[in-house]
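Participant: Structure provided below as structure tokens; questions to follow.
Each value in this text was obtained by applying a stated rule to the coordinates, not by laboratory testing. As the structure is a computational prediction, the values presented were derived from the model and not from experiment. Because the Cβ atoms are built from the backbone with ideal geometry, glycine has one as well, and the counts that use them run over all protein chains shown.
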């Protein structure tokens, strides 16, 4: 997208638990935002579980972690309950935040073209700059890579 670091786009989205998250209010914490295509699918479930399992490690490094998809808050709450997730999930129903981060992409599957979220992760430092990004993420080992990058901040 841009040369790193660059100012993080504004994020203000509803989350599970009848709350909302405003990125600007999380300073001076670091923030990891992972964008994923859909609740309750194989890769997305594994990624959310991996982030859940690693939350205590991220917290040791003053880092908050949030997942973002276009699914509704109700869908997120079901996903969290059925998969025993601890990571908070934000609902970007209108894909505004996805577009600002450049993860809303044209995709194709089985010969059909459609728009969807390209699995991506961003680290935002305590002053609000994107300092690391991963695009077209492969789930296996990804959370470990993100955690190592957070430790280097």
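Participant: Looking at the chain, I'd like the Rg to Rh ratio, where Rg is from alpha-carbon atoms and Rh is Kirkwood's inverse mean 1/r.
Facilitator: 0.93
Participant: Taking the Cα-to-Cβ direction at residue 82 and at residue 20 and moving 7 Å from each Cα, how far apart do the two end points lie in nm?
Facilitator: My value for the distance between the label points is 2.8 nm.
Participant: If you count the DSSP beta bridges with both ends in the range 6-151, what percent of them are antiparallel, to the nearest 5?
Facilitator: Just about 70 percent of them are antiparallel.
Participant: Sticking with this one: Need one number: nm distance between label points at residue 140 and residue 72, each 7 Å from Cα along Cα→Cβ, rounded to one decimal.
Facilitator: A separation of 3.6 nm, rounded to one decimal place.
Participant: Find the relative contact order for the range 59-108 and round it to a whole percent, using C-alpha pairs within less than 8 Å whose residues are 6+ positions apart.
Facilitator: About 38 percent, as a whole number.
Participant: Starting from the Kirkwood Rh over alpha-carbon pairs, what translational D in µm² s⁻¹ does the range 1-81 have by Stokes-Einstein at 4 °C and 1.567 mPa s? Working shown, then result.
Facilitator: On the way: Rh = 13.9 Å.
It comes out at roughly 93 µm²/s.
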